[in-house]
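Notes for the one structure printed next.
The values are calculated or read from the model by the stated rules, or taken from the named source; none is laboratory data. Bear in mind the structure is a predicted one, so any value in this text is a computation, not a measurement. Cβ atoms come from the backbone with ideal geometry, glycine included; neighbour counts cover every protein chain shown. Just so you know, the surface numbers come from the protein's heavy atoms only, side chains and all, with ligands and any DNA or RNA stripped out. Shrake-Rupley method; radii C 1.70, N 1.55, O 1.52, S 1.80 Å.
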Amino acid sequence: MLTMKFFIETFGCQMNVYDSELVTGILIKNGYEQISNINKADILFLNTCAIREKAVERVIHKMEQYAHLKKKGDLKIAGVLGCIPQYSSDRLKKELPFIDILSGPDNYDKLPQMISECLKNKKIQENLELNEEQNYDDILPFIKNKFSSFVTIMRGCNNFCSYCVVPYVRGRERSRSAGSILRETSDAVSKGITEITLLGQNVNSYKSEGVSFPALLEKVSEIEGLKRLRFATSHPKDISDELIKVTAENKKICKHLHLPFQAGSNEVLKRMNRGYTKDEYLIKIENIRNSIPEIALTTDTIVGFPDETEEDFLQTLEVIEQAGFDNSFMFIYSEREHTYAKKNFKDNISKKIKSERLKKVAELQKKIGLEQIGNDVGKTKEILVESVSKKRKTEMMGRTGQNRIVIFESDDTIKAGDYINVHITGAEGVSLFGEIRN
Ligand code: SAH
Ligand code: SF4
Ligand code: F3S
């Protein structure tokens, strides 16, 4: 029998990027071949995100665009994986009646079996149980990137921020064993990876067999050949002094912290169930900056949460002004099924006001971000070269330990994956510009 070929496309967060590598690992191990040309695929998987309504609409639209391949008969199986099937399988079946496979994030080990069943019976295969034991500990992901990769250290979330669908689509929080994380990381490093990002919705609450998150960071950092260690996401309520200390002292741990604050008003934070006040957040940041002066901070911000007044919103602007983030992911509140906010609050801020507020946070963040990264002008920084720059072929881009983007005029000797020193000469938008220093 000819080898069946699959094509997988990923939407959503870094955890989904990692999960697609898991799925790829599982399918390759079972004899399937990965290809990058959708027109030649027998099997198509979209690994999806349900965090906001737009994310769902985007995936449905994308799958509709692929419908003709299924009709033509070239494509035997079209499947939707990840958070949208878990969020609303009924909607997918209604809007995409040609779908063959629906799998939630805890059922990827069953995909080979589901594919076989589907080919045999021509019936839709669904596996949407959440499994609190599922950590895929024994499965090695198929890593695409040659020098940088993700390692998921925990799955699910127990925080139940009132707006957020993640606890419903990913289930309860569980930590992988330190042993399996170390095995996977060592394997990646032995294949040439020099930068690892440890992933979880709330990495600070990692705990397995007595190993805390700071202890895990220390253990992973000891792997020979690993140069840079990153992690995301940190929840402000769980940032410990120990984590700050380890980050400050350990040379391999990058001096960058992604610390979503979401909103500035204490009223809104309370209704979001975030577990901290504006002042507590700002004090944490001050402590972090005192202990790690070179730290770069990034964040997530939501505007237009139910009942957010103009006064509430001004508090959000104040946090952005005071905290000095390099960058922020900024979102308009999107009401989600299952959530506490949907059940208890009315999505009552008009589209117009939401958009105006988004524009205002974006403008302020742009100014503050440029000031922050501008502090690097005149310094020499080590960067990990990632790729040829999008704008000009003679230029390349890389990142500093603080995760700041640096664009530089390259030469023939430099390639993606190299660590080089660059003298920073300028800053524009969210990027630094520099010249190679030997
Ligand atoms: N676990 C991470 C974030 C996961 S989701 C954390 O707690 O920080 C990524 C971001 O999406 C969130 O930080 C939040 O800013 C945004 N988000 C989540 N649910 C949302 C919703 N219903 N509407 C708009 N933005 C949302
Ligand atoms: Fe969602 Fe909150 Fe969990 Fe982050 S911590 S995934 S925002 S519930
Ligand atoms: Fe989206 Fe699921 Fe990640 S909802 S943000 S892909 S955990």
Mind pulling up the Rg/Rh value for the range 172-326? Radius of gyration and Kirkwood radius, both on Cα.
-> 1.02
Please work out the Kirkwood hydrodynamic radius for the range 143-254, using every pair of different C-alpha atoms, and report it in angstroms with one decimal place.
-> 14.4 Å
Qualifying trypsin sites (Lys or Arg not before Pro) for the range 80-137 [loop in DSSP, other Cβ within 10 Å: at most 11] = Lys122, Lys123
Whichever aspartates and glutamates have a C-alpha closer than 14 Å to that of Lys120, once near sequence neighbours (fewer than 8 apart) are set aside | Asp100
Overall Cα dimensions of the range 5-127, principal axis frame, Å, largest first | 35, 29, 26
For the table Lys29/Lys110; Lys284/Lys367; Lys93/Lys352, the rows whose alpha-carbon distance is greater than 21 Å are Lys284/Lys367; Lys93/Lys352
Over the Cα atoms of the range 380-437, what Rg and Dmax result, in angstrom?
-> 9.8, 28
Ordering of 61-72, 238-249 by burial proxy (mean other Cβ atoms within 10 Å per residue, highest first) = 238-249, 61-72
Considering only protein heavy atoms, what per residue accessible area in square angstrom results for the chain with a 1.4 angstrom probe?
-> 46 Å²
List, largest first, the extents of the alpha carbons of the chain along their principal axes, each in whole Å.
-> 63, 57, 48
How would Thr394, Thr194 rank on accessible area, largest to smallest, probe 1.4 Å?
-> Thr394, Thr194
Percent antiparallel among DSSP beta bridges (both partners in the chain, rounded to 5) = 35 percent
May I ask you to give the percent of accessible area on the chain that is carbon plus sulfur, with a probe radius of 1.4 Å?
-> 50 percent
Unpaired by the 4.7 Å Cβ criterion, cysteines found in the chain | Cys13, Cys49, Cys83, Cys118, Cys157, Cys254
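Figure the gain on full extension for Asn37 and Ser240 (residue separation times 0.36 nm, minus the Cα-Cα span) and round it to one decimal in nm.
68.5 nm
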One checks the Cα atoms of the range 288-438 and finds Rg and Dmax, in Å, of 19.3, 59
Which residue fluctuates the most in the chain, going by a Gaussian network model with Cα springs under 10 Å, if the choices are Ile414, Ile51, Ile320?
-> Ile414
How big is the convex hull of the Cα atoms of the range 259-374, per residue, in Å³?
-> 91 Å³
